[in-house]
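See below for the structure under consideration.
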Amino acid sequence: MEEVKIAEKKPAIVELEAGTYHWCKCGHSKGQPFCDGSYKTTSFTPLKFELVEKKKVVLCQCKHTRNSPYCDGTHKTL
Ligand code: FES
């Protein structure tokens, strides 16, 4: 089975406006933590998520979280 690429072993802490976002799941995006279309060469697809209000979020960049798209601390074990 194809493995995800670890983009970084730490999360991205970003403040986002309300809206729809696409989190990079494959790890190949050059625009981490968001999708830039690089997944098309992999078997993965981005994860669409929505925020109903402006919010600071902690997004996984190691791509091993079990709570996508959010960091759950798994990066500390890699
Ligand atoms: S960055 Fe992936 S679990 Fe924290």
Inset, instruction - Find the accessible area per residue for the chain; the probe is 1.4 Å, ligands and nucleic acids are left out, and the unit is Å². - result: 64
Inset, instruction - Rounded to whole Hz and in sequence order, give me ³J(HN,Hα) for segment 42-52 from the Karplus expression 6.51 cos²θ - 1.76 cosθ + 1.60, θ = phi - 60°, writing x for Gly and Pro. - result: 10, 9, 9, 10, x, 9, 7, 9, 10, 10, 8
Inset, instruction - Whenever you get a sec, compute what percent of the accessible area on the chain sits on carbon and sulfur atoms (1.4 Å probe). - result: 49
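Under 10 °C and 1.306 mPa s, how fast does the chain diffuse according to Stokes-Einstein, given a Kirkwood radius computed over C-alpha pairs? Answer in µm²/s, whole number. Could the numbers behind the result be given before it?
Details: Rh = 12.5 Å.
My calculation gives 127 µm²/s for D.
Need the full-extension length gain, PHE49 to ASN67, defined as separation in residues times 0.36 nm minus the C-alpha distance. One decimal, nm. Intermediate values should be presented prior to the final figure.
Values: separation 18, 0.36 × 18 = 6.48 nm, distance 1.21 nm.
Between PHE49 and ASN67, full extension yields 5.3 nm more.
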Inset, instruction - Mind listing the long-range amide H neighbours of LEU16? Cut-off is under 5 Å, sequence gap 5 or more, other chains count too, H placed in the peptide plane at 1.01 Å from N. - result: LYS55, LYS56, VAL57
Inset, instruction - Return the sequence-ordered ³J(HN,Hα) values of segment 5-19 in whole Hz as given by the Karplus equation 6.51 cos²θ - 1.76 cosθ + 1.60 applied to θ = phi - 60°, using x for Gly and Pro. - result: 8, 6, 6, 7, 8, 7, x, 9, 9, 9, 9, 10, 6, 4, x
Inset, instruction - Mind telling me which of GLY27, GLY19, GLY37 comes out most flexible in a GNM of the chain, alpha-carbon contacts under 10 Å? - result: GLY19
Legend entry - 5 angstrom amide H check on TYR70, placed H, neighbours 5+ away: CYS60
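The values are calculated or read from the model by the stated rules, or taken from the named source; none is laboratory data. Here the structure is a predicted model, which is why all the values come from computation and not from measurement. Heavy atoms of the whole protein, side chains included, go into the accessibility calculation; ligands, DNA and RNA do not. Shrake-Rupley method; radii C 1.70, N 1.55, O 1.52, S 1.80 Å.
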